[in-house]
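Asker: Sharing a structure, written as structure tokens. Questions coming.
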Protein chains: 2
Amino acid sequence: MNLLAAAAGHGIAPLLATLVAVILATKALGEVAQRANQPAVLGELVAGVLLGGSVLGMLDPADPVIAAFSELGVIVLLFEIGLHTDLRALARVGSAATTVALVGVALPFAFGYLVASGLGIATVPALVCGAALTATSIGISARVLSDLGCLASREGQVVLGAAVLDDIVGLIILSVIAGVVGGTPVTVLGIARTTGVAVGFVVAAVVLGSVAAPPLFRVVERVRTSGMLGLVALAFAFTLAYLADLAGSAMIVGAFAAGLALHPTPQREYIERATTSIGHFFVPIFFASVGASVELRALAEPSALAVGGALVVVGVVGKMAAGFAPFWFRGNHLLIGVAMIPRGEVGLIFAQMGLARGAITPEQFGALMLMVLATTFVTPPLLGAIATPTPDAALTRDVPGEGGIDDLVSGTAADQSLVD
Amino acid sequence: MNLLAAAAGHGIAPLLATLVAVILATKALGEVAQRANQPAVLGELVAGVLLGGSVLGMLDPADPVIAAFSELGVIVLLFEIGLHTDLRALARVGSAATTVALVGVALPFAFGYLVASGLGIATVPALVCGAALTATSIGISARVLSDLGCLASREGQVVLGAAVLDDIVGLIILSVIAGVVGGTPVTVLGIARTTGVAVGFVVAAVVLGSVAAPPLFRVVERVRTSGMLGLVALAFAFTLAYLADLAGSAMIVGAFAAGLALHPTPQREYIERATTSIGHFFVPIFFASVGASVELRALAEPSALAVGGALVVVGVVGKMAAGFAPFWFRGNHLLIGVAMIPRGEVGLIFAQMGLARGAITPEQFGALMLMVLATTFVTPPLLGAIATPTPDAALTRDVPGEGGIDDLVSGTAADQSLVD
């Protein structure tokens, strides 16, 4: 026993063991995934499944410290993605992204509800099944596209825009379903308010951020304390994430808006490099936690397998159809549809909410888990098969090993170049 | 309310607000301290006092997540210090460091016990007072020396070695005092065992680490996953910290040993740069937490002021005398003695342990708090007044802005150079 730590009232030795296991397992399996020509994130998710309660029981995503690390990871990730996103390029594909998002919510919701009802599930749990199918994991989609080097392509921008809108729409659906499950009446006014707050926040954050950020960072650049620029940028991202939460939106929407606002600043490259090192530490904890949330036992029930299998099919078909919805868009529609498939942590949140409030049975939870798992794990290899990397230098320029999102998420032999 | 976060069972929004406050306050006051020709760490400690329960109540060092961040901060800091320490240079001043450590424990303990007894305090609380005076905050001492650019000087090496030994001795005293307070008999065998484990651990870690680290990092360097080298080095430090805890020693002793073991590897410079960025985030949380542990109210009692004042005097005199104890050492003895003065978080741990077990009264706790506060805050300006920076290129080479401990702890205009 460590008396010093015990006397101070906290022993973090078990946390250290967990962090070591997460670091080594995510990096080792990420490397294995890459050598098999798969994105590194696939290996990190598998590492999480292995470390989680289903297998080794070393990583508990509900532990408050791990949960905090994981959320900081997804906040840093979305900040980096925003930092890398040219708002004008995003706006150019705005109508296509909006169409993909709306169709990608409506179709899976309708399909999911109908299939679940058809299999004899009652109305409320069937609504939860439909809702869980609407989600898109922006973290996983963006990272897979980045791993494949096509986050900056026009298709990548459509997926990014649609996934952000999906997060906002998902938030609205979640609040509505939570109301239905809780028995509170759902009003049009309430839905309109949630929507307005979420959309308004991103617009306000980007507008105000674009005005305030350049003079702020000009001042910060002048001070002498080391590490200042990267830390202040991180504080800026945390602040917008906090305000987004306060406004009733999602923290990751705020972090993404912070990145968008800092994209045009001249300090962007340095900010990217500083926050990437911090992301190297936090981001794998997020992906491992997503993997650790998977309970393999819940998948073993035959009824869960039947419902889950049906949900996987409509979940894949619904999102792929959404990719073809913006018929006027010239580009790889299949790529867009497939990139929208993974439900990841957002789908898990719907399922957990439903189970916690007694709206769905453990078997139905198992079915949703199977759907989340299958859609998340099937996407990286599918995308790898159909994507052709199209580096678009006009949109972003990101050299692996130079810091930035490519360095954070992909798996190039980046580090050795820095040793020299 | 953030439904997504609430559904997932954790809302980290308050944590984000705390982190933003800590980042901005430590960096702003660190900058103020530097402009007043004081080490940046002084500003970070003051920032902690202001954010803590005594003033703003925004930073609770007992919060599990903050405590975890803070401990990771001191682990990363000690790892960086070890990484920067040439074991051969440390060994060359080994006899002087050992003498400083032992005299610096014996004199303050005796003085503290006698003064407390003389002021009418009973035996057990007087023993706690003496024990609290034995500590040296290696984190604060090393950082002040680094801020002043003389961590690599021979005096700096003596202080570093003595402070590490102090941590080991402090651990032994803490376990003995905890036994006395708890009423369990203290045996020579028990003390010998604790001592043997702590000393043996450092020796074993450095020997085994030096054998295992070079081939391990040669393999790691060959893999393609980005961020690998820095993260594996961090995992190595966490592992040794964990093992140190398991062996009954202090985690920071393990982290320091990990740094020592990696010092001779060719990848050291890159490891330093990668871990420094992570340290930029975690280390200020540690110093702010030390500041936030100070309860200003406990200092207001007249009896606390009287006992505390007396303890400050013997605390300063005892450690300064220790600086002059290795009479054969040619160098600035005053610098060594002054650098040993700050009790920092280690002194607070003694005081908290005593209060929690009912061994000391709240007034006596206030007196110890005053002693810790005064010795911690008086050292940076004192050292600044007597130190003459002597960069010793043979021992280390650390350019501010290039990563490494100087970049982590000092406050040079380092970052702008990286923007270009």
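The values are calculated or read from the model by the stated rules, or taken from the named source; none is laboratory data. Keep in mind that what you see is a predicted model, and the values were worked out from it rather than measured. FYI the Cβ positions are ideal-geometry reconstructions off the backbone, even for glycines, and counts take in every protein chain you see. Surface accessibility is based on the protein's heavy atoms, side chains included, excluding ligands, DNA and RNA. Shrake-Rupley method; radii C 1.70, N 1.55, O 1.52, S 1.80 Å.
Asker: Which value, in Å² rounded to 10, gives the accessible area of A:E31 with a 1.4 Å probe and all protein chains present?
Answerer: Using a 1.4 Å probe on the heavy atoms, I get roughly 10 Å².
Asker: Can you compute the modelled spin-label distance between B:L102 and A:S95, with each label point 7 Å from Cα toward Cβ, in nm?
Answerer: With each label placed 7 Å out from Cα toward Cβ, I get 8.5 nm.
Asker: Next question, about the same structure. Using the Cα gyration tensor of chain B, with a ≥ b ≥ c the square roots of its eigenvalues, what is the shape: rounded (a/c below 1.5), prolate (a/b larger than b/c) or oblate (neither)?
Answerer: It comes out rounded by the Cα gyration axes.
Asker: Count, for each residue of A:245-252, the Cβ atoms from other chains sitting within 10 Å of its Cβ, then give me the mean as a whole number.
Answerer: Other-chain Cβ atoms within 10 Å of each residue's Cβ, averaged: 4.
Asker: Taking each residue in A:25-37, count the Cβ atoms of any other chain within 10 Å of its Cβ, then average. What number comes out?
Answerer: Rounded to a whole number, the mean comes out at 3.
Asker: Which order do A:S95, B:S117 take when ranked by solvent-accessible area (1.4 Å probe, heavy atoms of all protein chains), largest first?
Answerer: If we order A:S95, B:S117 from most to least accessible, we get A:S95, B:S117.
Asker: Where does each of B:L114, B:L299 land when they are ordered by accessible area, with a 1.4 Å probe and the largest first?
Answerer: B:L114, B:L299
Asker: Mean Kyte-Doolittle hydropathy of 0.0 or higher plus an axial Cα length of 20 Å or more: which whole DSSP H helices in chain A meet both? Show your work: numbers first, answer last.
Answerer: Numbers: long enough: A:13-35 (33 Å, 1.22); A:64-83 (28 Å, 2.01); A:94-118 (36 Å, 1.48); A:154-182 (41 Å, 1.61); A:188-222 (50 Å, 1.44); A:228-246 (26 Å, 1.98); A:268-292 (33 Å, 0.50); A:302-324 (34 Å, 1.66); A:362-386 (36 Å, 1.28).
Membrane-span-like by this rule: A:13-35, A:64-83, A:94-118, A:154-182, A:188-222, A:228-246, A:268-292, A:302-324, A:362-386.
Asker: While we're on this one: Please tell me the relative contact order of the range B:1-155 in percent, rounded to the nearest whole number, where contacts are Cα pairs under 8 Å and at least six residues apart.
Answerer: Rounded, it is 16 percent for the range B:1-155.
Asker: Considering only protein heavy atoms, with the full assembly of protein chains and a 1.4 angstrom probe, order B:D86, A:D63, B:D60 by accessible area, largest first.
Answerer: Of B:D86, A:D63, B:D60, the descending order of accessible area is B:D60, A:D63, B:D86.
Asker: Chain B: which residue's Cβ hugs the B-to-A rotation axis most tightly, distance rounded to whole Å?
Answerer: Nearest-to-axis residue on chain B, with distance in whole Å, is B:S277, 2.
Asker: Here is a further query. Where the centre of each part is set by its Cα atoms, how far does the range B:17-85 sit from the range A:12-49, in angstrom?
Answerer: Cα centres, the range B:17-85 to the range A:12-49: 30 Å.
Asker: Once the Cβ-Cβ distance between A:A306 and A:A122 is put in as r, and R0 is 25 Å, what FRET efficiency do you end up with, to the nearest 0.05?
Answerer: Step by step, r from the Cβ atoms, then E = 0.95.
Asker: What does the accessible area per residue of the protein assembly as shown come to in Å², with a 1.4 Å probe and no ligands, DNA or RNA counted?
Answerer: With all protein chains present, the protein assembly as shown gives 34 Å² per residue.
Asker: Continuing with the same structure: Give the relative contact order (percent, whole number) for chain B; include only Cα pairs under 8 Å separated by 6+ residues.
Answerer: Values: 733 pairs, mean separation 119.5, N = 420.
That works out to 28 percent.
Asker: If you roll a 1.4 angstrom probe over the protein chains with everything in place, what fraction of the accessible area of the range A:72-127 belongs to carbon and sulfur, to the nearest %?
Answerer: About 72 percent, which is the carbon plus sulfur part of the accessible surface.
Asker: Within the range A:56-83, name every residue whose backbone N is under 20 Å away from a label modeled 7 Å from Cα of A:S210 along the Cβ vector.
Answerer: Taking a point 7 Å out along Cα→Cβ of A:S210, the residues of the range A:56-83 whose backbone N falls under 20 Å are A:79-83.
Asker: Apply 1/(1 + (r/R0)^6) to the Cβ-Cβ distance of A:A356 and A:R297, taking R0 = 22 Å, and write down the FRET efficiency to the nearest 0.05.
Answerer: According to the calculation, E is roughly 0.80.
Asker: Here's something else I'd like to know. What are the label-to-label distances in nm, one decimal and shortest first, from A:I386 to the same spot in the other copies, with labels 7 Å along Cα to Cβ?
Answerer: Result, one decimal in nm: 7.3.
Asker: Oh, and also: Which residue fluctuates the most in chain A, going by a Gaussian network model with Cα springs under 10 Å, if the choices are A:G149, A:G120, A:G73?
Answerer: Per the Cα network of chain A with a 10 Å cutoff, A:G120 tops the list.
Asker: Here's a follow-up. Once you average over the residues of B:349-355, how many Cβ atoms of partner chains fall within 10 Å of each Cβ?
Answerer: That works out to 3 on average.
Asker: Cα gyration tensor of the range A:60-145, axes a ≥ b ≥ c as square roots of the eigenvalues: rounded (a/c below 1.5), prolate (a/b > b/c) or oblate?
Answerer: Verdict is oblate for the range A:60-145.
Asker: Per the helix-only calculation at 222 nm, which mean residue ellipticity applies to chain B, given -39500 (n - 2.57) for every DSSP H run of n ≥ 4 and division by its residues, nearest 500 deg cm²/dmol? Walk me through the intermediate numbers first.
Answerer: Working: 19 runs with 311 residues, N = 420.
Calculated mean residue ellipticity at 222 nm is -24500 deg cm²/dmol.
Asker: Here's something else I'd like to know. FRET efficiency for A:V313 and A:L246, Cβ-Cβ distance as r, R0 = 41 Å, nearest 0.05?
Answerer: Computed FRET efficiency for A:V313 and A:L246 comes out at 0.55.
Asker: Using Cα centres only, tell me the gap between the range B:325-362 and the range A:299-340 in whole Å.
Answerer: So the separation of the two Cα centres works out to 64 Å.
Asker: Another question, if that's okay. Return the value, in Å² to the nearest 100, of accessible area buried between chains B and A (probe 1.4 Å, both sides summed).
Answerer: Approximately 7300 Å², summed over both chains.
Asker: Next up: Keeping all protein chains in the complex and leaving out DNA, RNA and ligands, what accessible area do you get for B:F109 with a 1.4 Å probe, in Å² to the nearest 10?
Answerer: 60
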